[in-house]
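Below is one structure, written out as structure tokens; the observations come after it.
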Amino acid sequence: MTTAMRGTMRSDVLTVTGWSAVSPYGLGRAAYTAGVRDRRRTDTALDPARWQGPDARACLVPGFDVREALGRKGTRAMNRVTGLAVTAVGALADRSGEGADTALVLGTTTGSLQSMMDFTRDSLTGDRPFDVDPTVIPNSVMNCAAAQCAIWHRIEGPNTTLACGRPSGLLALAYARRLLAGGRASAALCGAAEEYTGARAWIEHHNRDAAPALLGEGAAVLRVELGPAEDGGRDSAVLALRSLLRLPGASTAELVGTVVRRALEQAGVTPGQVWAAVPSGLCAEETWALTEVFGDEALEQVPLTSELLGDTGAASASFQLASTLALADRAPGRIAVVTSVDGDGLVAAAVLRLAKEQQEATV
């Protein structure tokens, strides 16, 4: 990284130079793209002997086992969300040879709820003086997954964990944009990960007023750089990122409309230019607001990831981005808007200009 780069702020847009996914469709971008194109649902019956929770069905990464995916060395105590994140990041990092000039920004809800609850239980039930296996302590820390991604793949730039719930993938892009614009890195890997475990299933079960959606899991990661604002070829571009926090008593639908309109204004785009509007599918007010702004047709272009993959928590927005990019060849050079709403009131939106040429789905 040059001294000049460190000392200047650039006004270029984020360009997406690659992406990967570990999802209920399987490992890799090609599997994800095929599943989204087919609009294939992924829910499966759970083995109650393994998944001791309230759910009969969920959307799991098929056959995923941390030690099988990453090998036996260094994975004995690795939790599921860390394994998912390390696998997804590896598909990009191993291919492009990341290093000191690459940042990593990873979104989460709380890290691994299972690891946290297991640690707490052991501290209460273990032999005095409250014997707890020291190897599980790092897994109980929220930034464990991001740290392990950097260690495994030798990513030496800034390493950040954002706990923003469902919109984490969009907030990760905004954070990466600031790192790149400030000269802290020349490229960034940003995304989010969520695991399915009995602990998460029980907490979601007791924390929802309405009938719970099927839960899902996985990780999706984008590789981004700063590029010129002019129309690109093989790279999609993030033209705008905006977010707001809903105050108690405020309307979620109105807030979504406000965030979307501000994002469109920032991008210099009108609603009529938008090919696809991509909501989370987990908030009726969010969907209603997007329909009011863009109409029904725009919401039909990209399938709802929540219907295909379940509620993937912190990974939701990253999967929405991945689904949009997977279908970029259907609307080359067109505009897409991705939104996300978290239960705590955080609303975020991104405006994308899709690539004019489809990247090869090899990861």
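The values are calculated or read from the model by the stated rules, or taken from the named source; none is laboratory data. Just so we're clear, the structure is a prediction, and the values are computed from it rather than from any experiment. Note: ideal-geometry Cβ built from the backbone for every residue, glycine included; neighbour counts use all protein chains shown. Areas reflect the complete protein model, heavy atoms only, side chains present, ligands, DNA and RNA absent. Shrake-Rupley method; radii C 1.70, N 1.55, O 1.52, S 1.80 Å.
Considering only residues of the range 10-64 that are farther than 14 Å from A88 by Cβ, in a strand (DSSP E or B) and among the aliphatic types (A, V, I, L, M), which is most open to solvent (accessible area, probe 1.4 Å)?
The residue in question is A45.
Does G218 satisfy the condition of being in contact with a helix residue (DSSP H, G or I) (Cβ under 8 Å, 6 or more places away or on another chain), at pLDDT 95 or above, on the phi > 0 side of the Ramachandran plot and surrounded by 16 or more Cβ atoms within 10 Å (Cβ to Cβ)?
Here the answer is yes, as G218 does meet what is asked.
Given the criteria at pLDDT 95 or above, open to solvent by less than 50 Å² (accessible area, probe 1.4 Å) and not hydroxyl-bearing (S, T, Y), does V363 qualify?
Answer is no for this residue.
Suppose we filter the range 304-330 for residues that are open to solvent by less than 30 Å² (accessible area, probe 1.4 Å), more than 15 Å from A34 (Cβ to Cβ) and assigned to a loop (DSSP other than H, G, I, E, B); how many remain?
Qualifying residue count, the range 304-330: 2.
Any residue in the range 281-295 that is touching a residue at least 60 places away in the same chain (Cβ under 8 Å) and of a type in the set (G, A, S)?
So far as the range 281-295 goes, no, none of its residues is touching a residue at least 60 places away in the same chain (Cβ under 8 Å) and of a type in the set (G, A, S).
Which condition number does R166 fail, the rest of (1) open to solvent by 20 Å² or more (accessible area, probe 1.4 Å); (2) part of a helix (DSSP H, G or I); (3) in contact with a strand residue (DSSP E or B) (Cβ under 6 Å, 6 or more places away or on another chain) being met?
Looking at each condition in turn, R166 falls short on (2).
Just to be sure I understand, how many residues within the range 120-148 are outside any helix (DSSP H, G or I) and in contact with a Ser or Thr (Cβ under 7 Å, 6 or more places away or on another chain)?
Residues flagged as outside any helix (DSSP H, G or I) and in contact with a Ser or Thr (Cβ under 7 Å, 6 or more places away or on another chain) within the range 120-148 amount to 4.
Check off (1) open to solvent by less than 40 Å² (accessible area, probe 1.4 Å); (2) of a type in the set (S, T, Y); (3) in contact with a strand residue (DSSP E or B) (Cβ under 7 Å, 6 or more places away or on another chain); (4) more than 23 Å from E357 (Cβ to Cβ) for T258 and give me the number that stays unchecked.
(1)
Restricting to the range 228-245, name every residue that is at pLDDT 85 or above and crowded, with 18+ Cβ neighbours inside 10 Å.
Within the range 228-245, D235, S236, A237, V238, L239, A240, L241, R242, S243 meet the criteria.
Rundown of residues vs (1) in a helix (DSSP H, G or I); (2) buried (at least 18 other Cβ atoms within 10 Å of the Cβ), yes/no style:
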residue: L247; (1), (2): no, no
residue: E254; (1), (2): yes, no
residue: Q266; (1), (2): yes, no
residue: T287; (1), (2): yes, yes
residue: T291; (1), (2): yes, no
residue: V302; (1), (2): no, yes
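For F130, work out the one condition from (1) hydrophobic (A, V, I, L, M, F, W, C); (2) closer than 13 Å to W152 by Cβ; (3) at pLDDT below 90 it doesn't fulfil.
(2)
Please go through (1) modelled with pLDDT under 90; (2) of a type in the set (S, T, N, Q); (3) buried (at least 24 other Cβ atoms within 10 Å of the Cβ) for N207 and return the number of the only condition it doesn't satisfy.
The number of the failed condition is (3).
How many residues are charged (D, E, K, R) and within 19 Å of T17 (Cβ to Cβ) if we restrict to the range 310-329?
Counting residues in the range 310-329 that are charged (D, E, K, R) and within 19 Å of T17 (Cβ to Cβ) gives 1.
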